[in-house]
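Peer 1: What follows is a single structure, and I will ask about it in a moment.
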Amino acid sequence: MIDIDDSPLCRDGKVLILAYDHGLEHGPVDFEGVPGSADPGRTFEAATHDAVTSVAVQKGVAEAFYPSYEEDVDLLLKLNGTSNLWMGEPDSAVNCTVDYAYDIGASSVGFTLYGGSNHEIEMAEEFRDAQEAARERDLPVVMWSYPRGQGLKNDTEPDTIAYAARQALELGADVAKVKYPGSKSAMEQTVRMAGPTKVVMSGGSKTTDREFLESVKAVIDAGGKGLAVGRNVWQRENPHRILDALEQVIFAESTVDEALAAAE
Amino acid sequence: MIDIDDSPLCRDGKVLILAYDHGLEHGPVDFEGVPGSADPGRTFEAATHDAVTSVAVQKGVAEAFYPSYEEDVDLLLKLNGTSNLWMGEPDSAVNCTVDYAYDIGASSVGFTLYGGSNHEIEMAEEFRDAQEAARERDLPVVMWSYPRGQGLKNDTEPDTIAYAARQALELGADVAKVKYPGSKSAMEQTVRMAGPTKVVMSGGSKTTDREFLESVKAVIDAGGKGLAVGRNVWQRENPHRILDALEQVIFAESTVDEALAAAE
Amino acid sequence: MIDIDDSPLCRDGKVLILAYDHGLEHGPVDFEGVPGSADPGRTFEAATHDAVTSVAVQKGVAEAFYPSYEEDVDLLLKLNGTSNLWMGEPDSAVNCTVDYAYDIGASSVGFTLYGGSNHEIEMAEEFRDAQEAARERDLPVVMWSYPRGQGLKNDTEPDTIAYAARQALELGADVAKVKYPGSKSAMEQTVRMAGPTKVVMSGGSKTTDREFLESVKAVIDAGGKGLAVGRNVWQRENPHRILDALEQVIFAESTVDEALAAAE
Amino acid sequence: MIDIDDSPLCRDGKVLILAYDHGLEHGPVDFEGVPGSADPGRTFEAATHDAVTSVAVQKGVAEAFYPSYEEDVDLLLKLNGTSNLWMGEPDSAVNCTVDYAYDIGASSVGFTLYGGSNHEIEMAEEFRDAQEAARERDLPVVMWSYPRGQGLKNDTEPDTIAYAARQALELGADVAKVKYPGSKSAMEQTVRMAGPTKVVMSGGSKTTDREFLESVKAVIDAGGKGLAVGRNVWQRENPHRILDALEQVIFAESTVDEALAAAE
Amino acid sequence: MIDIDDSPLCRDGKVLILAYDHGLEHGPVDFEGVPGSADPGRTFEAATHDAVTSVAVQKGVAEAFYPSYEEDVDLLLKLNGTSNLWMGEPDSAVNCTVDYAYDIGASSVGFTLYGGSNHEIEMAEEFRDAQEAARERDLPVVMWSYPRGQGLKNDTEPDTIAYAARQALELGADVAKVKYPGSKSAMEQTVRMAGPTKVVMSGGSKTTDREFLESVKAVIDAGGKGLAVGRNVWQRENPHRILDALEQVIFAESTVDEALAAAE
């Protein structure tokens, strides 16, 4: 962990990542409800919203769309990722080197670690290479810390999520992206374990505005530093409105009611 | 994805790759109907046809034949490939480095990814190395994106093919070579998923002229950018005639009837 | 083994490492009794005690906390380590390169070897790389030498622990961190096997002050050179008091009674 | 494939390799009939015969014997090879780098590929490295192309041998060393598949002079470019005589009767 | 094989290696009879005997003890080795690079190959790297050539030992360390197979002076070039006396009776 508050990934020490690697991880099915959402340009457009500190995409999407948005959007290059056509023990291909990410304009990088997978050790060593290369380029490092694999009974247990946040700290991530552990107190424990590494909640499947904002609010109240959100933004017909509300909750520390009102 | 319209692989933004790596992938059996087709020189000769934007071959064939055709033919070096003597979970050997491909005159490179194979992750990482090396040389990258392997029930399902096209975009290919998903509307979905990555249809087994041209026409009408064709050209006694017709369909946007007439 | 008596890891030829990588190796459960112990700052604070020659942490904790303590604490970077979310045959990810450890201020490095594991050979080769890189930087090398794995019936047998100490000598470690083999005479045998490589006892689970100090005293009397201790220090409400006592036993060669008295 | 007619491996476009790596591949048993044959010096002596274009040996034999023969013998360094003490799925260790082969005087290199083995992909990638390194040194590349492994029912089937020859062409070998497919017409098919890559027959087990020469003659008549022979030369009491005859068949294009007469 | 007669490993073309890596390979059990033998200094002291051409140790022992003996002892760095805590298919970790061995003063290197093991291919490739690096430093290479593994019924069969010696020649070792094949005539066959590579006998378990010297004498009479001996020297109370006798047998070509008399 190093101090990243002055990096483009942060605004007032908080983070709102708009994640859009679902085309690789989940495939076309994630775009079904809102067909226009298959177009990465629509997500880059949404990412110009002030609330968004960075957009997280895979290399190919970055190459194709970032050049048109480099003035208005901050690029987090997600370095690894894999299709779900493959169904083995959780693992992820490193699709982009840090040097290449830097060359195409990334100002931070992301990396998934599946703690508990039979590939954990290999992934941790790939993370090491990425993290040390990122340090040379002064790029903040976000770990998607998702325990998963045959040894894990329940990957949404609070203790597991707290452990995942700790792994991010111990291995040198600057931000830990973890699942919501179900309650504010569990989130406080997770934040405690991460120490100075910023914890952000992973947005997950699409829910109602209120439900979603309440979990984000709990994260912030628990000391979390923000959100990495995908489907809950770009699967909505109007991504702008929910981003308005998120801006209120995360950066203005408004209540959920205030946020919903402001976003009308 | 980067802009490749000015590269030799494209003509008016369209692509017609004459693929000839069957000697490695399938062996002598593919040359049985037209014995002369075993001679790579015959395919290079066909590739001098204006309709062909590039010929796709393995390293050894390129070394032996490209020097005699470098004025008239554009070389796409297929970087990986494997014999079917081997019968394990789909995988492919990287037989040529990008630097070597460049040195012997390639102006673009091709790479197979078997999404869904137990080797998908390893192949994706090999693709990364090839793609980034190709970027250094300004060589367009074509992905043969073919989901295949024990986890896949049906590799010709439209959703699978659309996913394959998306993988090409996400991982940074400039052209996605995919199977024909069976209908124009399925092809439209595939093209949508690929975003700005050009989608070209894989020619497949030899069929009648009309059947073949109708599927190519559907690809073009669906927004596809062309074709990578092998057996449907060089397994014909007269490759020239079908190339005349393909030129009409792909570049002149003629109807199939017009194309067949023009190629009499 | 090289002479490390003049390195910051030693004081009068003795070693007292305060180990704090439990957040990675064991997870949040180790911090339960004393919640404040989850904060690495508390352990760095304890490490300012004169008794402590070095604090041993993983890369991320070092990056975050060492800069505030570099005047008062000596950093031993633990190069490998793995979560216990993963449950395969013992292995450990190399999370930090020696060069990076050096760059962030480490004055020595640590490395776990699981002798007897199916990964022993791979780990030994990773150790080789680390050891030779450490030699270039003049960083002493501590081996956590812990036989473990399916081939081992009993990893706390005196013969196994003596063998572990010998491995440290043979492979080029300067300090061997081993489990307490149960008696002073067994420890003497372990020390004999290690030759000039310094043997330090691994602290293990928390026990009473007297029990703990008596095992440390036996180690010193047997020719051991000190201790690497974690939970027996930072799981106490007052780490300072037990460090006072350890200083007496290890460096002043006091009796346990004297040490307990001095630490009142 | 590149033009190697001017290289020392060829004489009038033909090739006669005296292969002597049996000590590694088969062990002492191959030397039993003619004990003197265990001495590599005897084979180097035979290789001074004008008929022999190159002697093919492993690194250690080359280091020990080539210096005494560098004026009179041309060295083909066989880069990979394995003992038959090991009995797994066909594979071969790369025992020598191309750079080292070059440094000790090799003017060409040899490499075994077991198409169809579960190690085919790994071997093909090792071949790639060797082939590209050989190109940098202008060393012709001979592929020992031997389909073998659990997926293969019959590795002496004509189609399999033709496929093996094609692999050599596609992967960039200049010479394909294959088994004799049993008839002149099958050999013609093999030669056709190899295109401009020269096909040479692998000598195989020792037979009578006439039988042996007749198969060589069939190879030449079928368009093959020569022979890589081991046991049929050095397992004879007088290697010179059979080399006289081979020179007639291969280079003078004599009949078998003429060759046998000339070699009396 | 290169000429090593002028290297410190040889004296009059003969070799007597004092091997002392048993602490790693076998563990403390090997030191039980003569507890002082656990101290590497005792073996280095023995190695100052004129009969000993080199002492063979692992990296860590070399680092610790060689500096005090560099005037009087010649160092053979054993590059690989593994504990017997691990019980898988025979394999060995490469614990030291050639460059590091050179830097700490080695004038020759040793490497174990387990022919017939499922790891044979990997070990042969590691040997290649070591051998070629050693050539750059002009360090003679000794192969511990020990067929072993699931495919081998009997690793002390004369044919297997002869094959092992041949592997050493073929792969480029300068000295082959093999087991005694049981008789002088079997040793002659082994020596014949090794060609110019020097064959030395592996000392094996401790026996009586006469038995031991008689096997050494048979090796010399069979054309072997000496001995690599460990336990038969340092497991004796007085290593000096047996070294006196070995000097007689190996370098003075005395009879066993003469040697025993001279060593009274």
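The values are calculated or read from the model by the stated rules, or taken from the named source; none is laboratory data. Note that the coordinates shown come from a computational prediction; the quantities given were computed from them, not determined experimentally. Every residue, glycine among them, receives a Cβ derived from its backbone with ideal geometry; neighbour counts consider all protein chains shown. Side chains are part of the model used for accessible areas, which takes the heavy atoms of the whole protein and leaves out ligands, DNA and RNA. Shrake-Rupley method; radii C 1.70, N 1.55, O 1.52, S 1.80 Å.
Peer 1: With a 1.4 Å probe on protein heavy atoms only, work out how much accessible surface A and B bury together, total over both chains, in Å² to the nearest 100. Let's see the in-between values first.
Peer 2: Values: alone 11230 and 11250 Å², together 19920 Å².
About 2600 Å² of accessible surface is lost on pairing.
Peer 1: Suppose every Lys and Arg Cβ carries +1 and every Asp and Glu Cβ carries -1, with no other charges. What dipole size does the protein assembly as shown come out with about its Cα centre, to the nearest 20 debye?
Peer 2: Here the size comes out at about 2960 debye.
Peer 1: Using a 1.4 Å probe on protein heavy atoms, which residues of the stretch D:156-205 have at least 50 Å² less accessible area in the complex than alone?
Peer 2: Residues shielded by partner chains are D:Y163, D:R166, D:E170, D:L171, D:M193.
Peer 1: How much of the accessible area of the stretch B:179-264, in percent, comes from carbon and sulfur atoms when a 1.4 Å probe is used? The partial results should precede the final answer.
Peer 2: Values: 1480 of 3300 Å².
Accessible surface attributable to carbon and sulfur in the stretch B:179-264 totals 45 percent.
Peer 1: In addition: Taking a label point 7 Å out from Cα toward Cβ, give me the nm distances from A:D72 to the same spot in the other copies, shortest first, one decimal.
Peer 2: Spacings between copies for this position, smallest first, are 5.1, 5.1, 8.2, 8.2 nm.
Peer 1: Taking the inverse of the average 1/r across all pairs of different Cα atoms in the stretch A:140-264, what Kirkwood radius in Å do you get?
Peer 2: With all distinct Cα pairs of the stretch A:140-264 included, I get 14.6 Å.
Peer 1: Then there is this: So what's the gap between the Cα centers of the stretch C:106-126 and the stretch B:1-64, to the nearest angstrom?
Peer 2: Result: 50 Å between the Cα centres.
Peer 1: Next question, about the same structure. Apply 1/(1 + (r/R0)^6) to the Cβ-Cβ distance of E:D103 and B:E136, taking R0 = 35 Å, and write down the FRET efficiency to the nearest 0.05. List each step's numbers first, then the result.
Peer 2: Details: r = 36 Å, r/R0 = 1.02.
So, using R0 = 35 Å, E works out to roughly 0.45.
Peer 1: Check each residue of the stretch E:1-30 and keep those whose accessible area, probe 1.4 Å, is at least 30 Å² smaller with all protein chains in place than in the chain alone; give them in order of residue number.
Peer 2: Residues of the stretch E:1-30 that lose at least 30 Å² of accessible area once the other chains are added: E:M1, E:G23, E:L24, E:P28.
Peer 1: What average count of beta carbons from other chains do you get within 10 Å of the Cβ of residues in C:77-90?
Peer 2: Mean shielding by partner chains, rounded to a whole number: 5.
Peer 1: Just check the stretch D:15-237 against the gyration tensor rule for me: Cα atoms, a ≥ b ≥ c as the square roots of the eigenvalues, rounded for a/c under 1.5, and otherwise prolate or oblate depending on whether a/b exceeds b/c.
Peer 2: It comes out rounded by the Cα gyration axes.
Peer 1: For a quick check: with amide H placed at 1.01 Å from N, whose amide H comes under 5 Å from E:N80's, ignoring anything fewer than 5 positions away on the same chain?
Peer 2: Placed amide hydrogens put E:N95, E:T112 under 5 Å from E:N80.
Peer 1: In nm, what does the list of distances from C:H26 to its counterparts in the other copies look like, shortest first, when each label sits 7 Å along Cα to Cβ?
Peer 2: Result, one decimal in nm: 3.9, 3.9, 6.3, 6.3.
Peer 1: If you build a Gaussian network model of chain B, linking Cα atoms that sit under 10 Å apart, which residue out of B:G149, B:G60, B:G226 swings the most?
Peer 2: Sorting by GNM fluctuation, first place goes to B:G60.
Peer 1: How big is the dipole moment of the stretch D:112-264 about its Cα centre under a simple scheme where the beta carbon of each Lys and Arg is +1, that of each Asp and Glu is -1, and everything else is neutral? Debye, nearest 20, please.
Peer 2: 200 debye
Peer 1: Please sort through the DSSP H helices of chain E and keep those with an alpha-carbon extent of at least 30 Å along the long axis and a Kyte-Doolittle average not below 0.5.
Peer 2: Helices meeting the span and hydropathy rule in chain E: none at all.
Peer 1: Quick one: compute the contact order of the stretch E:15-262, relative version, from alpha carbon pairs under 8 angstrom and 6+ residues apart, as a percent.
Peer 2: 17 percent
Peer 1: Something else about it: Is the C-alpha gyration tensor of the protein assembly as shown telling us rounded, prolate or oblate? Criteria: a/c under 1.5 is rounded; beyond that, a/b larger than b/c is prolate, otherwise oblate.
Peer 2: oblate
Peer 1: Could I ask something else about it? Based on the mean of other beta carbon atoms within 10 Å per residue, what is the order of B:198-207, B:174-183, E:253-262, C:166-175, most packed first? Walk me through the intermediate numbers first.
Peer 2: Details: B:198-207: 20.1, B:174-183: 23.9, E:253-262: 16.1, C:166-175: 29.8.
Answer by packing, highest mean first, reads C:166-175, B:174-183, B:198-207, E:253-262.
Peer 1: Separate question: Please report the residue of chain A with the smallest beta-carbon distance to the A-to-C rotation axis, and give that distance in Å, no decimals.
Peer 2: A:E122, 10
Peer 1: Could you pull out every one of the lysines with an alpha carbon less than 28 Å from that of D:K206, ignoring same-chain neighbours closer than 8 positions?
Peer 2: Filter leaves D:K14, D:K59, D:K78, D:K153, D:K177, D:K179, D:K184, D:K198, D:K217, D:K225.
Peer 1: Here is a further query. Return the FRET efficiency for the residue pair E:E125, A:Q150: r is the Cβ-Cβ distance, R0 is 22 Å, and the value is rounded to the nearest 0.05.
Peer 2: 0.10
Peer 1: Specify which residue in the list A:A186, C:V199, E:L243 is farthest towards the positive end of the charge dipole of the protein assembly as shown, using unit charges on the beta carbon of Lys, Arg (+1) and Asp, Glu (-1), about the Cα centre.
Peer 2: Ranked along the dipole, the leading option is A:A186.
Peer 1: For E:A262, place a label point 7 Å from Cα along the Cα-to-Cβ direction in every copy; what are the distances to the other copies, in nm, shortest first?
Peer 2: Those separations, rounded to one decimal, come out as 6.0, 6.0, 9.7, 9.7 nm.
Peer 1: Report the net charge of residues surrounding D:F31, where surrounding means a beta-carbon distance below 14 angstrom and charges are Lys +1, Arg +1, Asp -1, Glu -1.
Peer 2: Summing Lys/Arg as +1 and Asp/Glu as -1 gives -3.
Peer 1: Seen from all sides and averaged, what is the projected area of the convex hull of the Cα atoms in the stretch C:56-114, in nm²?
Peer 2: 4.2 nm²
Peer 1: Ok, one more. Quick check for me: using +1 on Lys/Arg Cβ and -1 on Asp/Glu Cβ, what's the dipole size of the stretch D:15-237 about its Cα centre, in debye to the nearest 20?
Peer 2: My answer is approximately 740 debye.
Peer 1: Please give the Cα centre distance for the stretch C:167-206 versus the stretch D:128-204, rounded to the nearest Å.
Peer 2: Here the two parts' Cα centres lie 58 Å apart.
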